[in-house]
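Okay, so here's the structure we're looking at.
The values are calculated or read from the model by the stated rules, or taken from the named source; none is laboratory data. Please read these numbers as outputs of a predicted model, since none were measured by experiment. Cβ coordinates were reconstructed from backbone atoms using ideal geometry, including for glycine residues, and neighbour counts include every protein chain displayed. Each accessible area value is taken on the protein alone, full model and side chains, heavy atoms only, with ligands, DNA and RNA left out. Shrake-Rupley method; radii C 1.70, N 1.55, O 1.52, S 1.80 Å.
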Amino acid sequence: MAQPVGIALIGLGAKWGKQLATAVARTDSTRLVTCYARTPETRQKFATEFGCQAAPTLEAAITAPGVQAAIIAAPAHVHLEATLACAQHGVHVLVEKPIALHLHEARQMQEACQQANVVLMVNHEMRRLGSNRAVKRVVAEGQLGQVLTAVASQTLPGTFSPDNWRCHRETNRGGALMQLGIHQIDTLMYLLGPVVEVQGFLRHGAAPVDIDDVCTVHLTFESGATAVVTSNYISPKVYALHLYGDRANLSCVADMLVWPDALKVDANTSLVLQTHQGHSTLVIEPQDCLSLQLDEFARCVRGEAQPETGAAEGMAALAVVEAALRSSEHRIPVDPRVLS
């Protein structure tokens, strides 16, 4: 068996960083070597809990002995800086979605990693849920016939403290769409193919800070299918996907009260196929989407695979968000392909 890939975890958010660290511990293909956060107390506590080194700087984390790759779980506005540092030191990168806050930053990240011959993979873990893999099979097998329309929603109540990066437009442009709706955008493109037109409606609704906390986007796909994606920081947790075809409909709804424990999502998701004859509940094979993604990342680092969600996929999803922002500002439809 190949030696596990040594990982530096950059960004130790109170909930998500722990999910990533425990996912690393569940794999035989990766091991956590170092961790880094700006606050010394945070990184030392994290290192003690997960049995790794606490690095005093980003550079110290990614150059520590035994580190071959980094998981960048810091906010999107620092993805460029962290990725360029990794590329400079020959360290492979698994970066959280969105790949970056701006498309031009994502292009710099892609170019730097290509020149350094290191992997750049984007953590779009939701498409790897057992439920979404099952939806993909149903669509690919033609059980729905031609998919005509789709409705996808994701909500997560926000925590709005002045020092939180999510509370500021300069560090969280696109708000709920950039952080939540992008999950559904990536999944819909995985299921239905490229998007050719975007109409966005982003606004500040109910949050106590001035961000786009209520977002609705209309997508037109190359196939002719259309979709509506909604996301907000206000409503109770929701993750729902509904596909409507000329033969059947499919509804996938998760009880997101279990989030952020990704291991529990599939067991708390219903998948219902509706035909003209009636309804049937489909079986979902639960998946450890984070560990599966880490195993894939390790294979990519060893040169045995290519990322399912690499720079191209990350930039495609980001381009749709960028198109929605421009559409909302100028009140016109935008083709995301001319932006990427």
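Taken over the range 200-211, the criterion of being open to solvent by less than 60 Å² (accessible area, probe 1.4 Å), in contact (Cβ under 8 Å) with a residue 40 or more places away in the chain and out of contact with any Phe, Trp or Tyr (no Cβ under 7 Å at 6 or more places or on another chain) is satisfied by 200, 202, 211. If you check 321, 258 for being touching a Pro at 6+ places or on another chain (Cβ under 9 Å) and of a type in the set (A, V, I, L, M), only one passes: 321. Looking across the range 245-267, the residues that are out of contact with any Phe, Trp or Tyr (no Cβ under 9 Å at 6 or more places or on another chain) and surrounded by fewer than 17 Cβ atoms within 10 Å (Cβ to Cβ) come down to 246, 247, 257, 258, 261, 264, 267. Name the residue that is farthest from residue 83 (Cα to Cα), counting only residues in the range 113-142 that are under 15 Å from the mean Cα position of the chain (by Cα) and not in a helix (DSSP H, G or I). Ranking the qualifying residues of the range 113-142, first place goes to 129. Could you check, for the range 153-161, whether at least one of its residues is closer than 20 Å to residue 235 by Cα, touching a Gly at 6+ places or on another chain (Cβ under 7 Å) and touching a residue at least 40 places away in the same chain (Cβ under 8 Å)? Taking every residue of the range 153-161 in turn, at least one turns out to be closer than 20 Å to residue 235 by Cα, touching a Gly at 6+ places or on another chain (Cβ under 7 Å) and touching a residue at least 40 places away in the same chain (Cβ under 8 Å). The listed residues are 144, 129, and the only one of them that is among the aliphatic types (A, V, I, L, M), touching a helix residue (DSSP H, G or I) at 6+ places or on another chain (Cβ under 6 Å) and modelled with pLDDT of 95 or more turns out to be 129. Kindly establish whether residue 325 is assigned to a helix (DSSP H, G or I) and under 16 Å from the mean Cα position of the chain (by Cα). Taking the combined requirement at face value, the residue does not satisfy it. Among the residues of the range 163-181, none qualifies, meaning not one is at pLDDT 95 or above, in contact with a helix residue (DSSP H, G or I) (Cβ under 6 Å, 6 or more places away or on another chain) and open to solvent by 30 Å² or more (accessible area, probe 1.4 Å). Residues that are buried (at least 24 other Cβ atoms within 10 Å of the Cβ) and either among the β-branched types (Val, Ile, Thr) or within 22 Å of residue 326 (Cα to Cα) (or both) within the range 92-103 comprise 93, 95, 98, 99, 100, listed in sequence order. What do you reckon, is residue 46 aromatic (Phe, Trp, Tyr) and open to solvent by 30 Å² or more (accessible area, probe 1.4 Å)? No: the conditions fail for residue 46. A single member of 64, 85, 152, 73 is open to solvent by less than 30 Å² (accessible area, probe 1.4 Å) and either of a type in the set (Ser, Thr, Tyr) or over 22 Å from the mean Cα position of the chain (by Cα) (or both), and it is 64. When the residues of the range 5-30 are filtered to those that are surrounded by fewer than 20 Cβ atoms within 10 Å (Cβ to Cβ) and not small (Gly, Ala, Ser), which remaining residue is modelled with the lowest pLDDT? In this case the residue turns out to be 15. Within the range 217-244, being among the polar types (S, T, N, Q) and either surrounded by fewer than 20 Cβ atoms within 10 Å (Cβ to Cβ) or out of contact with any helix residue (DSSP H, G or I) (no Cβ under 9 Å at 6 or more places or on another chain) (or both) holds for 220, 223, 226, 235.
If you filter the range 269-294 down to residues that are within 27 Å of residue 97 (Cβ to Cβ) and of a type in the set (S, T, N, Q), you find that the one that is nearest to the chain's Cα centre (by Cα) is 293. Taking the range 104-132 as the range and being open to solvent by 60 Å² or more (accessible area, probe 1.4 Å) and either within 30 Å of residue 253 (Cβ to Cβ) or in contact with a strand residue (DSSP E or B) (Cβ under 9 Å, 6 or more places away or on another chain) (or both) as the test, only 114 passes. Evaluation of residue 51 against the conditions (1) of a type outside the set (Lys, Arg); (2) more than 22 Å from residue 97 (Cβ to Cβ); (3) surrounded by 22 or more Cβ atoms within 10 Å (Cβ to Cβ) shows that the sole unmet condition is (3). Report yes if some residue within the range 289-301 is of a type outside the set (A, V, I, L, M, F, W, C), within 26 Å of residue 20 (Cα to Cα), touching a helix residue (DSSP H, G or I) at 6+ places or on another chain (Cβ under 7 Å) and not in a helix (DSSP H, G or I); otherwise report no. Within the range 289-301 (the criterion being of a type outside the set (A, V, I, L, M, F, W, C), within 26 Å of residue 20 (Cα to Cα), touching a helix residue (DSSP H, G or I) at 6+ places or on another chain (Cβ under 7 Å) and not in a helix (DSSP H, G or I)), the answer is no, since none of the residues qualifies. Number of residues in the range 270-303 that are within 30 Å of residue 28 (Cβ to Cβ), open to solvent by 30 Å² or more (accessible area, probe 1.4 Å) and polar (S, T, N, Q): the value is 1.
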